[in-house]
Every structure is written in C-alpha cells, then in structure tokens.
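These notes are about the structure you will find just below.
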C-alpha cells in the first residue's frame, strides 16, 4: 500500500490517495499504519462531486472524525493546487497554499457554551468537531492525559465526547496550547481545530484579539484569523516520508 507521511505543524498523518476509488479496509489500515508510522491519524483522499476531493479522517483508534484542520492542510498541500475545495463530513472548506504554508477556512464557530461548571474556566465551541477550552495560568505542570481524559469522557458532552485544550494567554495576540485529542486518546503535538477553538474562546472572553498566534506543543506557530464570522487557520506543512 503506497502512502505519504506528512506533518501539519507537528500533527502527523499517513495519507492514502484513493482518488481511483479502490476498495480499502480503512479501519484496519488506520490501526496498522498509525501504529507503524507513529502518527496521529490516517487521511484518505476520495473523489467528490461537490469539491476538488473528499477528505476522510480516521484517528489512530480507527474512529472517523468529522473534520481535522491540520489534516485538511496536509491534504491540500499534497494535492498541489494553490486553491482547492475539500469535502468533509462537517461541510465544504477551502484551502490556499503558498510555498510550505497552507491556510484553510475552518468555518463558523457553533454551539458556544461559556463557564461550564464541570471544571474551572471551562468553555466549549464546535469548530467542525467539538472542543473544550480551559484557560489556565500554568501549562507545564498539568497532567494533560489525566485531566484531559476526565473532561473528554464527561457525561456533559454526551456519548461522542469532546477534544480538550488547555490554554495559557501569553499576550493580547498570542496563546500557548496543549491538546488532548479524542480518538488519539492522548496529547498531540498540534491540533488545528483546537488552536482555532482556543483563539475564538479567548477572543469571546476579551483576552486576545485576531489574528491570534498559537504556540503548539511542537513549538510551531499556527495563525488564526476571524473574518466574516468564519475562522481561518494557517501554518506550515512538511512531507516526512
């Protein structure tokens, strides 16, 4: 099975180009390839009658996600056009590629809930996928897996659960983030929709302004913009293999 390994600001994926429409055992591939390549997920490119291609995203536990910001950026980079429309389970998004940077229209933030009484400084927004954002003063000493797992599976978020982002405000236009990702069931080095969600919640709370620059666990910076009530995410993409 031919595939490409990519990194979107530290968020790593195996990508399979299935535009020829072959039958694939996707769940088996997700489990085996993510383990073999030590990646956060599997991306499948398929034909679409609504966009340039369809992106399917599978976590390393083989569950399918509605959307993935860094995954979409990786797919657009692989596809090789300056502007592409991508069909996802959460809708059509547009991606713009310039050299090694890809900017995507993540979409409109929805289902905003502030000050959820299950954890201190806990907020929620859906940006393609569900994200909880927790504002903290100290990121370094948090047990991300322990605390993230508590919230990820909390009954408040129903059977589908939530991704969990712990966020520290660095300045009026910058954040630092650590993310526990649903489906990975652990911390990842970067999460595009998580960085977008954190930027939006911080903006709503009047802690930061747009554009917001988010320092991820990988050390790379993701830039988040908010234009006409839509979030945009920009960062670097690298082909690893």
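The values are calculated or read from the model by the stated rules, or taken from the named source; none is laboratory data. If you're wondering where the values come from, they're calculated on a predicted model, not measured in any experiment. Cβ: placed from backbone, ideal geometry, glycine included. Neighbour counts: every protein chain shown.
Quick notes on this structure:
- Residue selected from segment 107-118 under the condition in contact with a strand residue (DSSP E or B) (Cβ under 6 Å, 6 or more places away or on another chain) and free of Cβ contacts under 8 Å to residues at least 40 places away in the same chain, by the criterion farthest from residue 93 (Cα to Cα): 113
- Within segment 183-205, considering residues that are surrounded by 22 or more Cβ atoms within 10 Å (Cβ to Cβ) and assigned to a loop (DSSP other than H, G, I, E, B), the one farthest from the chain's Cα centre (by Cα): 183
- Residue count for segment 138-180 under the criterion of being closer than 23 Å to residue 220 by Cβ and in contact with a strand residue (DSSP E or B) (Cβ under 7 Å, 6 or more places away or on another chain): the result is 21.
- The criterion of being touching a residue at least 12 places away in the same chain (Cβ under 8 Å), assigned to a strand (DSSP E or B) and under 17 Å from residue 110 (Cβ atoms) does not hold for residue 170.
- Unmet requirement for residue 25, which otherwise passes all of (1) out of contact with any helix residue (DSSP H, G or I) (no Cβ under 9 Å at 6 or more places or on another chain); (2) in contact (Cβ under 8 Å) with a residue 12 or more places away in the chain; (3) surrounded by fewer than 22 Cβ atoms within 10 Å (Cβ to Cβ): (2)
- Qualifying positions in segment 206-241 - in contact with a strand residue (DSSP E or B) (Cβ under 7 Å, 6 or more places away or on another chain) and in a loop (DSSP other than H, G, I, E, B): 207, 208, 210, 211, 216, 217, 220, 240, 241
- When 42, 47 are screened for being surrounded by fewer than 20 Cβ atoms within 10 Å (Cβ to Cβ), in contact with a strand residue (DSSP E or B) (Cβ under 9 Å, 6 or more places away or on another chain) and not assigned by TED's automatic domain parsing to the domain that holds residue 188, only 47 passes.
- Of the residues making up segment 194-222, those that are within 19 Å of residue 108 (Cβ to Cβ) and touching a residue at least 60 places away in the same chain (Cβ under 8 Å) are 194, 195, 196, 197, 198, 200, 201, 202, 204, 205, 222.
- Test: residue in segment 125-133 that is more than 14 Å from the chain's Cα centre (by Cα) and outside any helix (DSSP H, G or I): no
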